[in-house]
Amino acid sequence: MNDTLIVKPASCKDCHKCLRECPVAAIGFKDSQAFIIEEKCIYCGNCIKTCPQGAKSALFEEKKLEAFLESDSYLIASIAPSFVTAFPDLKPGQLIQALKIIGFDYIAETAEAATRVVKQFKKEREKMDSTLITSCCPAVVNLIEKHYPEVLPQLAPVLSPMMLQTAELKNNFDCARVIFIGPCLAKIEESKNEKRRDYRPDIVITFEHLRIFLEEQGIKISELDSADVDLPATHLTADYALSGGAVKAADLLKADPGCGNKALHLSGLENIINFLEDFKRDKDKIDVEMVELLACSGGCINGPAINNDLSIPLKELEVHNYLSTSKRNNYKKTPSLENERSINEISVRRKHKNKKISLPEVPESEIKKILTSIAKENKEDEKDCGGCGYSSCREKAAAVFYGFAEKKMCIPYMKSRAESLSQIIVESSHNAIIVVNDQMKIQKFNPVAKELFTQKSRELQGMKLDKFMDSSSFQKAWNLNQRLIHQKCSYKNGSITVDQTIFALREHKVIVGILTDISEQEKQRRKMQKMKEVAVEKTNDVVNKQVQTVQEIAGLLGETTVETKAALTELSELLQAGDD
């Protein structure tokens, strides 16, 4: 199981937004919980950015980082050039100082290694007879390997700057630990997939992880003095994090820079996927030397772990401001930069693999069977609304067949089913159910309610409630926003008696009344009341006659008279109490 991208089941609310935002449909659902389809996932991080519940997060090896910081190891931070956009509220030098305070011995800008990467791009292009696609973005590499393997021959077999710089730093500093810090989820996956230990960072953490860690350490970055990086990028590749950075660097490396490079640069997965579709169909029409592809719109400055609301132009401005004020070498003045460091034995090349999964074709009979089971029996029923996250009902049906989706993800079907179930419950209830809006206009009047109050079968929706019954209780429930529970009320001049519960649903602007007809019970109660009243009256007559009799013979009976009266009076009171 891959843990680069973590899904927290308790937080997932089955809203499908992550699937709708995933450009390669790499999210499945089982038991109403999202899971990552690793064979399809390109680790672009879109699902992390868009999940409204925060149910997805990137792997953070915090304990491992703490152990390194507490050890005697020589610690090197390789920091991606987009860091200035991840911490726009700070001076770049303050973040560098914070890294040194917590225990890093050496800070290198990852873009410094991009110079060798771009030079290798040019060498590889010279070997090709068609367009070269850059391999610096691991999410793009994943996209091509897993979904567009037809394009693999054009994908540059070149390491990313992160991997190359890690190899160089470990080569130059014995027993050093290299921690890469960047904006990218795919970098974590890229590092885990690298088999060569010396090319692999010991930990990859995101800018957001770093922010959280520094806060936990009690570092008040904004109060720190500034410090310089130990190994800055050159002017050639310092803006490598921007869309077009590699194209610009390749142009500057030419003998006659600026004369036209015949290159494209695209950012954003929608643009890239459209381009790859075109390229797959007819690559000969795309007559350019190099195409730079970056998965995030605007480039790495807009990565999934850059958690702020700055627009892309403002992020670009942050980068340019940093470049204009920071100390760095001019590459043109140091053309033999690669010879200043012992990197001859470091390979800049890598191999790419076809990782596309082969799924069996779904039989048409199975597609129809699944569609029929969710009330899509003909083409007109297929809404293709995309609410489930798939572009069409048939695509969703195929996902159900593969075990990537659930039937109940179809929103129109579940809505229809819920409405149908609700309708059945309301229509078959033995109680009168009345729903009105805040204007006391009828929204629902079930058959029992019609029988009680109208004796008509016509549609009443939209009519005023007070045409059929007293609406004051409904108005009271709305005005006071109270639940009026088990109130006994009479309607139609007392001919109907009900036990009613009325409550307002303000979020829906409706008032619901549930009325139980207790007219027969009320008639029986009144009948019993009448019988008791007659019994009491007869008892009182007996008492009065007995009193009169005993008074006549009072002398003979003495106190017996008083006792008799008391006993008979008590009997009368008991009868009356029973009535209450």
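Things to note:
- Scoring D287 on the criteria (1) more than 23 Å from P161 (Cα to Cα); (2) at pLDDT below 80 leaves a single failure, condition (2).
- Considering residues of segment 35-52 that are farther than 16 Å from K356 by Cβ and hydrophobic (A, V, I, L, M, F, W, C) only, the residue surrounded by the most Cβ atoms within 10 Å (Cβ to Cβ): C44
- Residues that are more than 30 Å from K355 (Cβ to Cβ), surrounded by fewer than 19 Cβ atoms within 10 Å (Cβ to Cβ) and either touching a Pro at 6+ places or on another chain (Cβ under 9 Å) or of a type in the set (V, I, T) (or both) occur in segment 100-121; there is at least one.
- Number of the exception - K192 against (1) assigned to a helix (DSSP H, G or I); (2) within 25 Å of I346 (Cβ to Cβ); (3) in contact with a Leu (Cβ under 8 Å, 6 or more places away or on another chain): (3)
- In segment 38-54 there is no residue that is free of Cβ contacts under 8 Å to residues at least 40 places away in the same chain, at negative phi and in contact with a Ser or Thr (Cβ under 7 Å, 6 or more places away or on another chain).
- Only strands (runs of 3 or more DSSP E) whose full extent lies in segment 1-83 are considered here, and the ones with at least 3 residues that are modelled with pLDDT of 95 or more are 74-79.
- Qualifying residue in segment 13-21 (condition: aliphatic (A, V, I, L, M), in contact with a helix residue (DSSP H, G or I) (Cβ under 7 Å, 6 or more places away or on another chain) and surrounded by 16 or more Cβ atoms within 10 Å (Cβ to Cβ)): no
- One residue stands out in segment 417-470 among those that are in a loop (DSSP other than H, G, I, E, B) and of a type in the set (A, V, I, L, M, F, W, C): the one that is nearest to S519 (Cα to Cα), namely M469.
- Residue check for A86: crowded, with 18+ Cβ neighbours inside 10 Å, closer than 20 Å to I306 by Cα, within 32 Å of the chain's Cα centre (by Cα) and of a type outside the set (S, T, Y): yes
- Residues satisfying the criterion are absent from segment 452-459 (criterion: small (G, A, S) and surrounded by 13 or more Cβ atoms within 10 Å (Cβ to Cβ)).
- For I424, the criteria (1) under 27 Å from the mean Cα position of the chain (by Cα); (2) more than 18 Å from K17 (Cβ to Cβ); (3) without any contact (Cβ under 8 Å) to a residue 24 or more places away in the chain hold in every case but one, which is (1).
- Considering residues of segment 399-452 that are among the hydroxyl-bearing types (S, T, Y) and under 30 Å from L371 (Cα atoms) only, the residue modelled with the highest pLDDT: Y402
- Pairs linking a residue in segment 157-169 that is over 17 Å from G245 (Cβ atoms) to a residue that is outside any helix (DSSP H, G or I) and modelled with pLDDT of 95 or more, with Cβ atoms under 6 Å and 6 or more positions apart or on different chains, are T166/V178; T166/P201; L169/I76; L169/V178.
- Subset of segment 273-320 (residues that are part of a strand (DSSP E or B) and either under 19 Å from C22 (Cβ atoms) or not assigned by TED's automatic domain parsing to the domain that holds A249 (or both)): L293, L294
- When I205, I219, I212 are checked against the criterion of being in contact with a strand residue (DSSP E or B) (Cβ under 7 Å, 6 or more places away or on another chain) and more than 14 Å from C136 (Cα to Cα), I205 stands alone in meeting it.
- Enumeration of residues in segment 247-271 that are modelled with pLDDT of 85 or more, out of contact with any helix residue (DSSP H, G or I) (no Cβ under 6 Å at 6 or more places or on another chain) and hydrophobic (A, V, I, L, M, F, W, C): V247, L264, L269
The values are calculated or read from the model by the stated rules, or taken from the named source; none is laboratory data. None of these values were measured; they are calculated from a predicted model. Methodologically, a virtual Cβ is constructed for each residue, glycine included, from the backbone with ideal geometry; neighbour enumeration extends over all protein chains shown.
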